[in-house]
Amino acid sequence: MTSAAHLSVPDTLSNRRNFDRTRMNRPVEIYSDAGARLGACTIKDISARGARIALGSDLEVPETIVLCLPEEGVHWRCEVVRTNDREIGIEFL
């Protein structure tokens, strides 16, 4: 995974966070809870609690997903807590 160095996000009314976020541009795969591959996407930033994900195409994303970093064999079960245009916000379960 990426080093533990965190980049702080400015504390504005529209962007208050409880955890520092690390900016990144890492490819990941999204799977359904049942194990069906939904598609490729990119982690834009990540924290101890969740991440912001840029979707690679018009994916239908269910409320609960599994996010996988294929090159590291790491996966997280997640809840989608925010959606807009071509991004989702997820919280690790």
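The values are calculated or read from the model by the stated rules, or taken from the named source; none is laboratory data. In this text, all values refer to a predicted model and were calculated from it rather than measured experimentally. Quick reminder, even Gly has a Cβ in these numbers, built from the backbone with ideal geometry, and neighbours come from all protein chains shown. All accessible areas refer to the heavy atoms of the entire protein, side chains included, with ligands and DNA or RNA removed. Shrake-Rupley method; radii C 1.70, N 1.55, O 1.52, S 1.80 Å.
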| All positions within the range 23-48 that are part of a strand (DSSP E or B) and either open to solvent by 60 Å² or more (accessible area, probe 1.4 Å) or at pLDDT below 90 (or both) | Arg23, Met24, Asn25, Pro27, Tyr31, Arg37, Lys44
| task | Find all pairs meeting these conditions: Cβ atoms under 7 angstrom apart; at least six residues apart or on different chains; first residue within the range 26-49 and closer than 16 Å to Leu93 by Cβ; second residue among the basic types (Lys, Arg) and open to solvent by less than 50 Å² (accessible area, probe 1.4 Å). | result | Ile46/Arg21; Ser47/Arg21
| query | Within the range 57-72, can you find the residues that are closer than 20 Å to Thr22 by Cα and either among the small types (Gly, Ala, Ser) or part of a loop (DSSP other than H, G, I, E, B) (or both)? | reply | Pro70, Glu71, Glu72
| query | Inside the range 80-93, can you point out the residues that are over 10 Å from the mean Cα position of the chain (by Cα) and assigned to a strand (DSSP E or B)? | reply | Val81, Arg82, Thr83, Asn84
| query | Residues in the range 49-93 that are modelled with pLDDT under 90 and among the hydroxyl-bearing types (Ser, Thr, Tyr): how many? | reply | 1
